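Asker: Got a structure here, written out as structure tokens. Questions coming.
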Amino acid sequence: MSRRFDLICVGRCMVDLYCDQIGTPISGGQSLSMYTGGCPTNIAVGASRQGLRVAMLTRVGADDTGRFVIETLAREGIDTTHVRVDDDARTPMVLAGIEPPDRFSLTWYRERAADLEVDLGDYDDAFLADAAAILISGNTLSRRRGRVLARDLASRCRRLGTRVVYDIDFRPTLWYTESAAGNRTPVPAQEIAETLQAILQYVDLLVGTEEEYAALSGDAGFDGARALIPGMAILKLGKDGALVAPRGQEPVRAGGFPVRVFNTLGAGDAFISGFLAGWLRDQPLKACFDRANASGAIVVTRHGCSPAMPYDAEIKHFLAETHPRGVSPQDDAALDRLHAAGARPPRRRPLCVLAIDHRVWFQDVAGAGRDEEIRGFKRVAVEAARARFEREGLSSAFGVILDAQYGDPTLAQLRRDSGIWHAEPIERGGMFPLALLGPGGDPGLALRERPRGGVVKLLLSCTSDAAVQRAQAAVVSAVQAACVAWSRELLLELILRDERVNLADCMAELLDVGVTPDYWKIPIPKDEAAWAVQRAVVARDPSCHGVLFLGGHEPLDALRAQLECYAADPIALGFAVGRTLFEAPFRAWLEGARGNAAVEPLCDGLVALARPWAALAATS
């Protein structure tokens, strides 16, 4: 029977706020990083990243944090059609401080938690029958409504042939009763055990730690619990791996991997997601546990829970015979690159970009005191071009490179609209050697101020001065490191400062020092031979999206003919063209032309360049 989903994850769905400063409780911190969190949500992300088709069944509040959760899950490829927005509840949060290797301060905010409000009307048999398995968190049973929900889900899934995975997920601080006056009383241990046992008769896979099994079955622990289920039980042992007990068989130990521990929060969730990625594909138990232990080993070396979850390529790399044994994930640059590549949005082709981030050129042409006219022109140009692409049915191909100096508030609108590809420069305009925007020219501080979703654009003037070029390459490397840290894509634009510079050599030298941009933006090649060499350099990094061609100062007709030659090449994504399109309209703007009519030639030219690429995409 073909099913739409491999896994449905039910329950705790929240926002994790991790202290960025390490080695201190939250009281010693200064800034926080925001991630999705909650055991079932972390497992959903981890399983999706390892190739399973995953859906969430939960609720979030009608608040910005709820929108953040839904948008983040969607970016991870997780189905959110059964994530209900609850107007009467809130998206819960937890603050976490990391003091490696084993001290973590947690402060929970779960008053009126939306994920505890899921009820029987939020799903039906058709949804449950469309999944190979469902994962139920024991935390769901900490409230009366959740106990009814868990029993209904487990019994229905058993009847429908959907396997039931039960993660005990016991958090003592979340089990309490609350009086009308707001006073909290911990739930007695015996009542907790009886409650957690309520769905054991339906369970195909039971997972927990020693502490969680003790909460479930008291002194009987793991052995007592596995005798109560019709399926398999797993005991997570942290760095020591796990014990697995198939139904009717003695437990078998699955050893872990030695790593340098940074953060154990999320390690168990990573373990489960890795195991399920094998188990739900009917792989042998050894392969399932290798994948599970590798997942946990990688996650304990990273900041956060869900963002730390490894992708399938990382697991394969970590388990490969070529991976040096004993090397901790923190010291494996190849693993870092695979993780960064996995976090990238899907490749877009064609990509037809209006490059209107020029600053010095607009200042020089406009003259002093005309900043508002520059801002007005950029706003009208971007809005008109976007509207024109929508009317032409080319919206998916449209993109913009725009600066904050003259591009706000248009740039702010692009940041809010996740459907529009957009990039923002990080270099200071007109500066050579390369210099960066941001406090002290620090790329990390510059990117900290930018919302997620946008691409970072960096313009590098390549020079034949070897010392200057090495210094510039170091700046590019710093920008790339900041992009990885802040989960941003990097568009690296190269122009040649003098004729002695060979573009392909410059690209190769950057790759040799570890610069691996998500996009290259380069001049149109002089001939087929030059493109063959440049193309081969780009192909050295298989995770790179590809190449955008810049327009230079070519007339429109000549530029269109040159660009069209590359539309059939899969490494060529499209183009990012500026002055060819906006120079004449902007000069007319300065003479008094206004409104959409003033930028119509710009829109005509951009669409004319885009049509051959869009037509090719439609037939490929």
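Asker: Could you figure out which of (1) within 30 Å of Asp125 (Cα to Cα); (2) of a type in the set (Asp, Glu); (3) free of Cβ contacts under 8 Å to residues at least 12 places away in the same chain isn't true of Glu178?
Answerer: It fails just one condition, (1).
Asker: Please state which one of Pro451, Pro443, Pro433 is of a type outside the set (Lys, Arg) and at pLDDT below 95. Give the derivation first.
Answerer: On the way: Pro443 fails: at pLDDT below 95; Pro433 fails: at pLDDT below 95.
Answer to the selection: Pro451.
Asker: Hey, another quick one. Only one residue in Ile70, Ile43 is in the same structural domain as Asp204 (by TED's automatic domain parsing), out of contact with any Cys (no Cβ under 7 Å at 6 or more places or on another chain) and part of a helix (DSSP H, G or I), so which one is that?
Answerer: Values: Ile43 fails: out of contact with any Cys (no Cβ under 7 Å at 6 or more places or on another chain).
Exactly one residue qualifies, and that residue is Ile70.
Asker: Quick check on this structure: which one of Val85, Val118 is in contact with a strand residue (DSSP E or B) (Cβ under 9 Å, 6 or more places away or on another chain), part of a strand (DSSP E or B) and either surrounded by fewer than 18 Cβ atoms within 10 Å (Cβ to Cβ) or β-branched (Val, Ile, Thr) (or both)?
Answerer: Numbers: Val118 fails: part of a strand (DSSP E or B).
Selected residue: Val85, the only one of Val85, Val118 that is in contact with a strand residue (DSSP E or B) (Cβ under 9 Å, 6 or more places away or on another chain), part of a strand (DSSP E or B) and either surrounded by fewer than 18 Cβ atoms within 10 Å (Cβ to Cβ) or β-branched (Val, Ile, Thr) (or both).
Asker: What's the total number of residues in the range 474-490 that are under 13 Å from Leu436 (Cα atoms) and of a type in the set (Gly, Ala, Ser)? Can you show your working first?
Answerer: Let us first name the residues in the range 474-490 that are under 13 Å from Leu436 (Cα atoms), namely 474-480, 482.
Narrowing the set further to residues that are of a type in the set (Gly, Ala, Ser) leaves 474, 477-478, 482.
The number of residues fulfilling the criteria is 4.
Asker: Output yes when any residue across the range 587-597 is touching a helix residue (DSSP H, G or I) at 6+ places or on another chain (Cβ under 6 Å) and closer than 19 Å to Leu394 by Cβ, and no when none is.
Answerer: The answer is yes, given that some residue of the range 587-597 is touching a helix residue (DSSP H, G or I) at 6+ places or on another chain (Cβ under 6 Å) and closer than 19 Å to Leu394 by Cβ.
Asker: Could you tell me whether any residue of the range 295-304 is touching a residue at least 40 places away in the same chain (Cβ under 8 Å), part of a loop (DSSP other than H, G, I, E, B) and on the phi > 0 side of the Ramachandran plot?
Answerer: yes
Asker: Now for a different question. Inside the range 308-334, can you point out the residues that are crowded, with 17+ Cβ neighbours inside 10 Å and modelled with pLDDT under 90?
Answerer: Once the filter is applied, which keeps residues that are crowded, with 17+ Cβ neighbours inside 10 Å and modelled with pLDDT under 90, the range 308-334 yields Ser328, Pro329, Asp332.
Asker: Checking the structure you have, find out if any residue of the range 363-376 is touching a Pro at 6+ places or on another chain (Cβ under 8 Å), over 30 Å from Ala568 (Cβ atoms) and in a loop (DSSP other than H, G, I, E, B). I'd like the intermediate steps shown before the answer.
Answerer: Of the range 363-376, the ones touching a Pro at 6+ places or on another chain (Cβ under 8 Å) are none.
Among the residues of the range 363-376, not one is touching a Pro at 6+ places or on another chain (Cβ under 8 Å), over 30 Å from Ala568 (Cβ atoms) and in a loop (DSSP other than H, G, I, E, B), which makes the answer no.
Asker: Check Arg337 against each of (1) under 20 Å from the mean Cα position of the chain (by Cα); (2) surrounded by 24 or more Cβ atoms within 10 Å (Cβ to Cβ); (3) in a helix (DSSP H, G or I) and name the one condition it does not meet.
Answerer: Looking at each condition in turn, Arg337 falls short on (2).
Asker: Out of the range 517-551, which residues are of a type in the set (Gly, Ala, Ser) and surrounded by 15 or more Cβ atoms within 10 Å (Cβ to Cβ)? Walk me through it before giving the result.
Answerer: Narrowing the range 517-551 to residues of a type in the set (Gly, Ala, Ser): 529-530, 532, 536, 539, 543, 546, 551.
Passing the criteria: Ala530, Gly546, Gly551.
Asker: Quick check, is Leu243 buried (at least 21 other Cβ atoms within 10 Å of the Cβ) and either on the phi < 0 side of the Ramachandran plot or of a type outside the set (Phe, Trp, Tyr) (or both)? Steps first, answer last, please.
Answerer: Values: buried (at least 21 other Cβ atoms within 10 Å of the Cβ): no; either on the phi < 0 side of the Ramachandran plot or of a type outside the set (Phe, Trp, Tyr) (or both): yes.
Against the criterion (buried (at least 21 other Cβ atoms within 10 Å of the Cβ) and either on the phi < 0 side of the Ramachandran plot or of a type outside the set (Phe, Trp, Tyr) (or both)), Leu243 does not qualify.
Asker: Further question: With respect to Arg347, is the statement that it is touching a strand residue (DSSP E or B) at 6+ places or on another chain (Cβ under 9 Å) and over 15 Å from Ala608 (Cα atoms) true? Break it down into steps so the answer makes sense when it comes.
Answerer: Values: touching a strand residue (DSSP E or B) at 6+ places or on another chain (Cβ under 9 Å): yes; over 15 Å from Ala608 (Cα atoms): yes.
Yes: the conditions hold for Arg347.
Asker: If you go through the range 219-241 one residue at a time, do you hit one that is over 20 Å from Ile136 (Cβ atoms), part of a helix (DSSP H, G or I), in contact with a Leu (Cβ under 9 Å, 6 or more places away or on another chain) and in contact (Cβ under 8 Å) with a residue 12 or more places away in the chain?
Answerer: Checking the range 219-241: not a single residue is over 20 Å from Ile136 (Cβ atoms), part of a helix (DSSP H, G or I), in contact with a Leu (Cβ under 9 Å, 6 or more places away or on another chain) and in contact (Cβ under 8 Å) with a residue 12 or more places away in the chain.
Asker: Among the residues of the range 579-617, which ones are surrounded by fewer than 20 Cβ atoms within 10 Å (Cβ to Cβ) and under 24 Å from Leu458 (Cβ atoms)?
Answerer: Once the filter is applied, which keeps residues that are surrounded by fewer than 20 Cβ atoms within 10 Å (Cβ to Cβ) and under 24 Å from Leu458 (Cβ atoms), the range 579-617 yields Arg579, Glu583.
Asker: Here's another thing I want to ask about it. Among the residues in the range 293-302, are any in contact with a strand residue (DSSP E or B) (Cβ under 6 Å, 6 or more places away or on another chain), under 23 Å from Leu95 (Cα atoms) and surrounded by fewer than 24 Cβ atoms within 10 Å (Cβ to Cβ)?
Answerer: Checked against the condition, which is being in contact with a strand residue (DSSP E or B) (Cβ under 6 Å, 6 or more places away or on another chain), under 23 Å from Leu95 (Cα atoms) and surrounded by fewer than 24 Cβ atoms within 10 Å (Cβ to Cβ), the range 293-302 yields no hits at all.
Asker: Looking for something assigned to a loop (DSSP other than H, G, I, E, B), surrounded by 16 or more Cβ atoms within 10 Å (Cβ to Cβ), at pLDDT below 95 and touching a Gly at 6+ places or on another chain (Cβ under 8 Å) - is there at least one such residue anywhere in the range 487-497?
Answerer: Yes - at least one qualifying residue is present in the range 487-497.
Asker: Same structure again: Hey, among the residues in the range 144-168 that are surrounded by 18 or more Cβ atoms within 10 Å (Cβ to Cβ) and part of a loop (DSSP other than H, G, I, E, B), which one's farthest from the chain's Cα centre (by Cα)?
Answerer: Ranking the qualifying residues of the range 144-168, first place goes to Thr162.
Asker: Hey, among Ala114, Ala62, which residue is within 23 Å of Thr173 (Cα to Cα), at pLDDT 95 or above and over 22 Å from the mean Cα position of the chain (by Cα)? It would help to see each step written out before you state the result.
Answerer: Values: Ala62 fails: within 23 Å of Thr173 (Cα to Cα).
Criteria check complete, one pass: Ala114.
The values are calculated or read from the model by the stated rules, or taken from the named source; none is laboratory data. Note that the structure is predicted; figures quoted are calculated from it, not measured. FYI the Cβ positions are ideal-geometry reconstructions off the backbone, even for glycines, and counts take in every protein chain you see.
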